[in-house]
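Note sheet for the following structure.
The values are calculated or read from the model by the stated rules, or taken from the named source; none is laboratory data. Because the structure is a prediction, the values reported are computed rather than measured. In this analysis, Cβ positions are derived from the backbone assuming ideal geometry, glycine residues included, and neighbour counts consider all displayed protein chains.
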Amino acid sequence: MNKLDLARRPMSAASLLTWGGGIVWRKLQIGSGSFRDLCKPAGTNEEDQLVNINKLMSMKGICSRREANEFVRRGLVEVDGRIAQLGDEVSRDASVRLLPKAEKEKKEDLSIMLHKPVNWISQNSDAISKRDRNRLSIKLLTLENQSKKNVLHTSAYSRPLVPASLAGLACAGRLDFESSGLLIFTQDGVVARKLIGQDSVIEKEYHVTVRAAGSASYLPLRIERLRHGLVLDEKPLKAAQVDLLDKSWVHPDAVFTLRFVLSEGRYRQIRRMCDLVGMQVIRLHRVRVGDLLLGDLEEGKWREIDRRVFIN
């Protein structure tokens, strides 16, 4: 009888098999798990498993995997007191640090905030026509458009920049063509992952002006539906914070400004949410990402931000 046949026999999930060489293996509970589980030594758990040095550096928020590979290749990473090598498999609780030269290079990664005007495209992949390519938000990132205002925000600062400093910036959390407000570009892979990675929980706040057809008496019910209970693309949305900021009356329909706070980012999410409850979006403006406020940054202008506003 071979190993796979033995694994298929109905036995207690707590049973163990001993094969040649004295190795003890976990048995599968019939109807669950996978053959991979059969080949996992008993007594191991996730914390005991080794991971590639580049993955561990990403998990610890030191840098992206791509950056980690480059630093390791150049001998600029120390793990448990020794210089790391490409392909090293290390414990998840290993001590990892960048050498001073790499730390200096990391500090030079640029992250910026832009006040995006309406009718500008957030990222290159959305540009289809030549006209689109002339309206890319990244074209606003020139030294002439750097904000000269004094900045009191503790997460913002300024340093001497040259045009080459702006190369390699990528949008981290786009706004659609018709929307305006806070848009972030970064050269820092860790910041990008923090903002738009699959496990990101960074809040984003929007002020949204809508026109609601019908009687205003239905407004509380509509806001309640926006907060929870909606489904997009056959997937339930996470609970959202939605509040009425102010309102004015325009005959024959009512115009309201709503405050949305979301912790996820689906395609044209707010516009589609509003459409589901009978509201037409007139203006959508992002005012906050995490702890970073748009504040008084002028439209079309940008300023540098400190990565520590996102990476603690």
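The table that follows gives values for the structure above.
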read-out: Residue 190 vs. criteria buried (at least 21 other Cβ atoms within 10 Å of the Cβ) and either β-branched (Val, Ile, Thr) or touching a Phe, Trp or Tyr at 6+ places or on another chain (Cβ under 9 Å) (or both); value: yes
read-out: Subset of the stretch 278-297 [among the hydrophobic types (A, V, I, L, M, F, W, C) and surrounded by fewer than 19 Cβ atoms within 10 Å (Cβ to Cβ)]; value: 282, 287, 293
read-out: Counted residues, the stretch 77-105 - those being surrounded by 16 or more Cβ atoms within 10 Å (Cβ to Cβ) and closer than 19 Å to residue 306 by Cβ; value: 3
read-out: Residues within the stretch 75-119 that are in contact (Cβ under 8 Å) with a residue 40 or more places away in the chain, more than 24 Å from the chain's Cα centre (by Cα) and in a loop (DSSP other than H, G, I, E, B), tallied; value: 1
read-out: Residue match in the stretch 141-155 (condition: at pLDDT 75 or above, part of a loop (DSSP other than H, G, I, E, B) and touching a Gly at 6+ places or on another chain (Cβ under 6 Å)); value: no
read-out: Qualifying position, being buried (at least 16 other Cβ atoms within 10 Å of the Cβ) and either part of a loop (DSSP other than H, G, I, E, B) or not assigned by TED's automatic domain parsing to the domain that holds residue 166 (or both), among 221, 258; value: 258
read-out: Subset of the stretch 108-124 [surrounded by 12 or more Cβ atoms within 10 Å (Cβ to Cβ) and either of a type outside the set (A, V, I, L, M, F, W, C) or at positive phi (or both)]; value: 109, 111, 115, 116, 117, 122, 123, 124
